[in-house]
Amino acid sequence: MSTSRIPGPAYLEDRSPGTGALPPRAWYPESDATRLGLGGRWRFRLSPTADAHDEAFARPGHDTSDWAELTVPGHWVLQGDGAFGAPAYTNVAYPFPVDPPRVPDENPTGDHVRTFDLPPDWPDGGSAVLRFEGVESCARVWLNGHELGTFKGSRLPHEFPVGALLRPTGNTLAVRVHQWSSGSYLEDQDQWWLPGIFREVALLHRPEGAAGDFSVHASYDHRSGLGTLRVDSEVPGRVTVPELGLDLATGESAVVPVEAWNAELPRLYAAQLATAGERVPLRIGFRTVAVEDGLLKVNGRRILFRGVNRHEFHPATGRTLDLATMREDVLLMKRHNINAVRTSHYPPHPAFLDLCDELGLWVIDECDLETHGFHLTDWRGNPADDDRWTPALLDRAARTVERDKNHPSVVLWSLGNESGTGRGLTAMASWIRERDPSRPLHYEGDPSCRDTDVYSLMYADHAEVDRIGRRADGGPEHRARLPFLLCEYAHAMGNGPGGLAEYQRLFETHERCQGGFVWEWIDHGLDHPRFGHAYGGDFGEELHDGAFVCDGLLLPDRTPSPGLTEYAKVIEPVRIAPGDGPDSVRITNLHDFADLSGFLFTCTHEADGAGPFTRTLDVPPLGPGGSVEVELPPVPRPATGEAWWTVRASLAGPVPWAPSGHTVAWGQLPAGATDPTDSAGSAGSAGRPALPRARGLAPRVRDGLVVLGPAAFEAGTGRLIRLGGVPVSGPRLDVWRAPTDNDRGAPWTPADQLARRWSELGLHRMRHRTDGVEPTADTLEVRTRVAPAGSALALRAVLRWSADAELLRLDVTVEPEGDWELPLPRLGVRMGLPSAFGRARWFGGGPGEAYPDSRSAARIGLHRLNVDALGTRYVRPQENGARADVRWAQLDDGVTSVRIEGDPAFSFTARRWTSEQLAAARHRTDLTPGDTVWLNLDHAQHGLGSASCGPGVLPEHRLTAEPAAFAFVLSARTA
Ligand code: GAL
């Protein structure tokens, strides 16, 4: 007889969610008196397979003295300096063969053991539960040698009754955690695979008569201003809300005048649920969510999501986040005008939702479900459409909804992400609707929208959003009546996204388009001793998706990227724009609920060459949607240079998420402008002085050099080698940039893979030929042809130099030759300065980087920064650091400054490595400063777009190869 052995215990690979856990219930922060946190150092043993060791380790007294230790909560792959395996990153593909519900024999399994005593003041009587907030992906639990059960559902809570098993001292808790289980098929989210007990474990005392599960129903009628409160509780009790004078029995309703909760004014009422044995603190927010007249409304008003997708991430601890980090996330969001979070793609740590209630964010709470990897097998075997998996799906829905149902911030439930379509999803939807009819449902993956109350897409381009907004998108009748949102858009990978302002315009134009959620909040770059921050492949994974895991608005260390600064500007809840008359502004309140009484308005006058001054502005406390035109104080038009007004809306007093004075919104307009159409942001605005002519001197040829005014050129090549006393190299025509992630595009949209097409064309290896170096009476003309090897395409560039005693002027004309089908990455000149020229000052857009389709946040003014601070440390090195709309820029070494003025306004980039070095680097740590500051002076750059996962650059931001003319005036003077 042949024997066959199925390795590993059966619970790993059955489809059930587990055994032994209590039904889920509402979460609330427990008091320290009744909670014993079991975090800290645990004994740990890692095995390569699920059944390498028997269960003897779970017995009290088992000798674990030769085991390693690790910290709980935590992921084992991020501890032990590599001794406990390594993280792995895949986006769509499962990192194991797709054969549901089976998993490979290679199944890293971590045995965790911890002993504990009950505190001396641990309450007598009652019972106790052991609570796990999150374990990836499957756990089996023993207390004092008794098996409590098993569970799956990594980011979901599980509780086990343990009262009878507890001893005053010497309790042994043993947890076996398997990296892979049937549950892994339901958890194919685009992120690192990080096994472990990554959220808290705690023992909770449950007194006799403790509250069980309870549901707070707190709605608001915007017509009457009345709130209705009812708390349903498994265990009867009384509910008190002192501020409202309420004292009512559970199950009873009270109707009282209240202030409603919304994300802008997150009014919470402190309350208490008292049962015979327990007092549960509640924070009640009254609000009503409804889909009405094709719109998603809260308290009777259409809301606009200015959202982000948030994965839980910390560069050192992965998905283990402490409270301070969660708070930092919410504060950063609020300070950047973000008002909504989609908890992609699983319920977050429960305390995060408390912060959203308290500080005010709309939340789409998403179930821990993604089966995206079945996309690669044409969705064959997709658990979301297989009844055998439905109990597991329903368990996930229930654990999400029951845990989080009492948060006013949660306004939509989401079934999960990218799980195809199917009966399991429909079953989840029916269960959720029945259990909580007060919240609409979201799911993006089913175009029929049969289970949802909102129509949601990811990465739709502007044109499609416009069609949907105009209700010209066709589609099923049911869907056509639904409000629309972009659950993901504007892929913030590397430098980008571009096109945010254009999306916002659509959201503000079409009532049906209720905003979106940028993908995503933070780069998941893990701390790495060699690479700084690691991405897919850096841990030697066989299968991985590279830097696609770094696509956030925050760098891994939570430094805001320029993309976040841009987003904050684009979604400002107060619009400040030039008014109809000269020197007037139009101020519009774009909040959905708040008036402007909390803001202080100021206007600051800043002129090129004169100190700024600030005045306050009188602005009425406009209600939502209100708009007013306000005159600015009269100022004389500047005699020379340009002058700008910057009008700011700042917080008049401190709020829980920002100090007094924090700027929420701003706008600019030229000061003293006579022509109101000559308005903000564009180059050559009112008062802009013309570029000096710098002419008159004749070139002289001497010792192989051409000397012209302050400059010396190589006679043979026409290359500038000295300006004043400063040795320089170049400038010469430059059209290439180190490809951004968005330039590279996505594997599934080859036409948008511009970086590949640029390199096939050879733009990264242009050859320069000098066709003539011709001194005339008062110019030096250098004619060049710049072209890639193997191609007949070329750019003919003429550099015409002229000078007076101090100033050197360069007029550039560019003529493309041949049929250029591709846009150029950039068009300008590049030159080198000695490395000591490390301090920059400029008048133009700043202080941060800006590109053609991401420049709303660039404020025209005088800025200064060191060269080392000009760049952005994107995890995968790529083009960065350009400053846009620059009128003049200067770099100095403390003694001499090299100044460049431009016409039209230009973009400048200064860095200590070349574009080629930047492009060759895989990590920031590959870049080391050389002996040159490389300066790109660009007439134009191609936009950024969002093609790393979404639409490319809009036509108006493409840099088409066409004839161009631009000019600079250079000088070297005492700094
Ligand atoms: C979406 C997905 C996200 C993420 C994103 C690309 O399709 O829902 O989880 O993978 O694309 O970064």
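Numbers below:
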quantity: Conditions (1) away from the ligand (no atom under 14 Å from the Cβ); (2) closer than 28 Å to residue 316 by Cβ; number of the one not met by residue 476; calculated: (2)
quantity: The range 473-487: number of residues that are of a type outside the set (A, V, I, L, M) and open to solvent by less than 10 Å² (accessible area, probe 1.4 Å); calculated: 3
quantity: The range 192-221, subset within 16 Å of the ligand (Cβ to nearest atom) and assigned to a strand (DSSP E or B), residue surrounded by the fewest Cβ atoms within 10 Å (Cβ to Cβ); calculated: 193
quantity: Residue that is in the same structural domain as residue 835 (by TED's automatic domain parsing), in contact (Cβ under 8 Å) with a residue 24 or more places away in the chain and touching a Gly at 6+ places or on another chain (Cβ under 6 Å), where the choices are 899, 887, 922; calculated: 887
quantity: Search result, residues across the range 307-348 that are among the basic types (Lys, Arg) and more than 16 Å from the ligand (Cβ to nearest atom); calculated: 327, 334, 335
quantity: Any chance residue 875 is closer than 17 Å to residue 830 by Cβ, at pLDDT 95 or above, open to solvent by less than 40 Å² (accessible area, probe 1.4 Å) and of a type outside the set (D, E, K, R); calculated: no
quantity: Subset of the range 642-669 (residues that are among the charged types (D, E, K, R) and in a strand (DSSP E or B)); calculated: 648
quantity: Any chance residue 239 is more than 21 Å from residue 348 (Cβ to Cβ), in contact (Cβ under 8 Å) with a residue 12 or more places away in the chain and open to solvent by less than 10 Å² (accessible area, probe 1.4 Å); calculated: yes
quantity: Answer residue from the range 147-186, given it is outside any loop (DSSP other than H, G, I, E, B) and basic (Lys, Arg) and is nearest to residue 76 (Cα to Cα) among those; calculated: 176
quantity: Criterion: under 23 Å from residue 201 (Cα atoms) and among the β-branched types (Val, Ile, Thr) - qualifying residue of 109, 90; calculated: 109
quantity: Qualifying positions in the range 704-740 - of a type in the set (Ser, Thr, Tyr) and surrounded by 21 or more Cβ atoms within 10 Å (Cβ to Cβ); calculated: 740
quantity: Answer from 740, 813 - the residue that is more than 17 Å from residue 915 (Cα to Cα) and of a type in the set (Ser, Thr, Tyr); calculated: 813
quantity: Answer residue from the range 747-802, given it is open to solvent by less than 30 Å² (accessible area, probe 1.4 Å) and small (Gly, Ala, Ser) and is nearest to residue 900 (Cα to Cα) among those; calculated: 802
quantity: Tally of residues being open to solvent by less than 10 Å² (accessible area, probe 1.4 Å) and assigned to a loop (DSSP other than H, G, I, E, B) across the range 555-571; calculated: 3
quantity: Members of the range 70-83 that are surrounded by 15 or more Cβ atoms within 10 Å (Cβ to Cβ) and not in a helix (DSSP H, G or I); calculated: 70, 71, 72, 73, 74, 75, 79
quantity: Search result, residues across the range 284-305 that are in a strand (DSSP E or B), over 29 Å from the mean Cα position of the chain (by Cα) and touching a residue at least 12 places away in the same chain (Cβ under 8 Å); calculated: 284
quantity: Matching option when the condition is more than 16 Å from the ligand (Cβ to nearest atom) and in the same structural domain as residue 348 (by TED's automatic domain parsing), among 389, 379; calculated: 389
quantity: Any hit, the range 55-78, residues being touching a Lys or Arg at 6+ places or on another chain (Cβ under 7 Å), at pLDDT 95 or above and among the charged types (D, E, K, R); calculated: yes
quantity: Pairs with Cβ under 6 Å, 6+ apart, first in the range 126-145 and on the phi > 0 side of the Ramachandran plot, second aliphatic (A, V, I, L, M); calculated: 144/165
quantity: Helices (runs of 4 or more DSSP H) contained entirely in the range 449-554, each with at least 2 residues that are closer than 18 Å to residue 340 by Cβ; calculated: 500-509
quantity: Checking residue 189 against (1) assigned to a loop (DSSP other than H, G, I, E, B); (2) more than 16 Å from the ligand (Cβ to nearest atom), the condition it does not meet; calculated: (2)
quantity: Matching entry among 139, 88 (being open to solvent by less than 10 Å² (accessible area, probe 1.4 Å) and within 30 Å of residue 527 (Cα to Cα)); calculated: 139
quantity: Of the criteria (1) assigned to a loop (DSSP other than H, G, I, E, B); (2) open to solvent by 20 Å² or more (accessible area, probe 1.4 Å); (3) in contact with a Lys or Arg (Cβ under 9 Å, 6 or more places away or on another chain), which one residue 823 fails; calculated: (2)
quantity: Evaluation of residue 507 against (1) open to solvent by less than 10 Å² (accessible area, probe 1.4 Å); (2) in contact with a Leu (Cβ under 8 Å, 6 or more places away or on another chain); (3) within 16 Å of the ligand (Cβ to nearest atom) (one fails), failing number; calculated: (3)
quantity: Yes/no for residue 584 being out of contact with any Phe, Trp or Tyr (no Cβ under 9 Å at 6 or more places or on another chain), of a type in the set (Ser, Thr, Tyr) and open to solvent by less than 30 Å² (accessible area, probe 1.4 Å); calculated: yes
quantity: Pairs, first in a loop (DSSP other than H, G, I, E, B) in the range 857-869, second open to solvent by 50 Å² or more (accessible area, probe 1.4 Å) and not charged (D, E, K, R), C-beta under 7 Å, six or more apart; calculated: 857/565
quantity: The one condition in (1) touching a His at 6+ places or on another chain (Cβ under 6 Å); (2) more than 16 Å from the ligand (Cβ to nearest atom); (3) not assigned by TED's automatic domain parsing to the domain that holds residue 649 that residue 541 fails to fulfil; calculated: (1)
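This table checks each residue for (1) open to solvent by less than 10 Å² (accessible area, probe 1.4 Å); (2) among the small types (Gly, Ala, Ser); (3) in the same structural domain as residue 262 (by TED's automatic domain parsing).
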| site | (1), (2), (3) |
| --- | --- |
| 427 | no, yes, no |
| 437 | no, no, no |
| 446 | no, no, no |
| 513 | yes, no, no |
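Condition check ((1) small (Gly, Ala, Ser); (2) in contact with a Phe, Trp or Tyr (Cβ under 8 Å, 6 or more places away or on another chain); (3) closer than 20 Å to residue 866 by Cα) across all residues:
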position: 908; (1), (2), (3): no, yes, yes
position: 911; (1), (2), (3): no, yes, yes
position: 916; (1), (2), (3): no, no, no
position: 923; (1), (2), (3): no, yes, no
position: 928; (1), (2), (3): no, yes, yes
position: 933; (1), (2), (3): no, yes, yes
position: 936; (1), (2), (3): no, yes, yes
position: 940; (1), (2), (3): yes, no, no
position: 949; (1), (2), (3): no, yes, no
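The values are calculated or read from the model by the stated rules, or taken from the named source; none is laboratory data. No experiment lies behind these values; they were computed from the predicted model shown. Neighbour counts run over all protein chains shown; Cβ positions are idealised from the backbone, glycine included. Heavy atoms of the whole protein, side chains included, go into the accessibility calculation; ligands, DNA and RNA do not. Shrake-Rupley method; radii C 1.70, N 1.55, O 1.52, S 1.80 Å.
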